[in-house]
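Below is one structure, written out as structure tokens; comments come after it.
Readers should treat all values here as calculations from the given coordinates under stated rules, not as data from a laboratory. Because the structure is a prediction, the values reported are computed rather than measured. Every residue, glycine as well, gets a Cβ built from its backbone with ideal geometry; the counts of neighbours run over all protein chains shown.
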Amino acid sequence: MNSIQELWGKRVKEYWNMAIRYLRLIGNSGFLFAIYIAIIAGSYYYSELLKWLPELFPATSFLAVVTALLLTRSRLRSFIKEGDLVFLSPIEGKLAAYFRASYYYSLILQSFVIVLVVVLLTPLYRHFILDDGKSILFVLVILIISKAWNLLAQWEESRLLFTSGRFNHMLGRFLINVTLTYLLFAGATIYFLIAIFLIKGLLLFFYYQHLKRQHSLKWEFLIETEERMVMSFYRIANMFTDVPKLSTKVSRRKPWSLIPNLLSLDQKSTFKYLYLKSFTRANDYFGVYVRLLLIGIVFVFYVQFDFGKVFISILFLYMSALQLSTLWNHHLLKIWIDLYPIDYTDRKKSFSTVVFSLLVVKTVVFTGATLLATKLNLIEPLLVLVIGMTVSYVYSFVLLHRKRNNHV
């Protein structure tokens, strides 16, 4: 038994040793500084948004759905590896202590997430529902207890063979959770909440225990789930530094993947084509690019202080530039790339050209959004265009080269 617990502790230690190294790199990056600025600006506009929302805003329903989604998605970090399918699955009955440690570990981390979300939603809660610190503490206790139930339930659901069965169970839990959270935020009496918890308890001790007796663990699913969670962290870290263990995810994304086909078919366009194709299809480069663009447009239309639209546009442009710079790492460890009969200088120039082009597109879109938001007042849109073009060029052809040289 001790050796099983030692195995769990060893795996957790290895994971956090790796994670801390990447978190340090993220903490030292300019991207995180941009996030800090966005948080500071967002905290001011949060209060303004609360004043702007109408009195009939369905705050109770909104809070209930958000927290119910947070409760329902309760993945357990098992730290299972591919080799365990051979070495640990034969002793599945002796792994209770291992999975119990994983359960408490997951509960603690996900409880921190709940606390963070509740803190973010507290101004909305106090503005529309109840300005009471004790009630917020009560909400936290109820949500954490419910999170503990959801973790146990989802763990037993992972024994099901088919995805459809797991999805149906998750949908059922969501309906129970949203009922609980709605009653919680609506100020229902304690007896209704007790009734919901009694239902959860009966499901846990009867239905889910029956599920446990009828089905063994699905090790392939556990391995797939664990790898998916680890890869999610790697994808975030890959935005700031090279992550060798990151597996490549490819999506078709028509018609965006056809954009590289517009390039001329000469030798100098080889790396432009490669990086554009990687941007549109590989991992989540395209998705992050679009999300930053859409969020930036929303902020551009929302901010009202002088030259605030210029500040927001350039801030999100810089965040996007930092994100795009990681595209270089996508092919950094691929040896066959070095077989191309193309000079390394041309490769760097092609990469800078691709980054510059994508930043120019974002600059033009932000300029148009600023023009509409200012009701055709030309001063701020012109500033966005001029500063944006300057930032795009300097970052792509000066700072980016310097960053790459330091990396090499």
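Tabulated results
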| read-out | value |
| --- | --- |
| Given 309/349; 94/147; 277/348; 10/200, the pairs whose alpha carbons are separated by over 24 Å | 309/349; 94/147; 10/200 |
| Per-peptide average of other Cβ atoms within 10 Å, ordering 146-155, 368-377 highest first | 146-155, 368-377 |
| Within segment 49-120, GluC sites (Glu not before Pro) in DSSP loop having at most 13 other beta-carbon neighbours inside 10 Å | 55, 82 |
| Span from the segment 42-97 Cα centroid across to the segment 120-165 one, whole angstrom | 8 |
| Shape box of segment 115-204 [Cα atoms, principal axes, largest first, Å] | 46, 27, 17 |
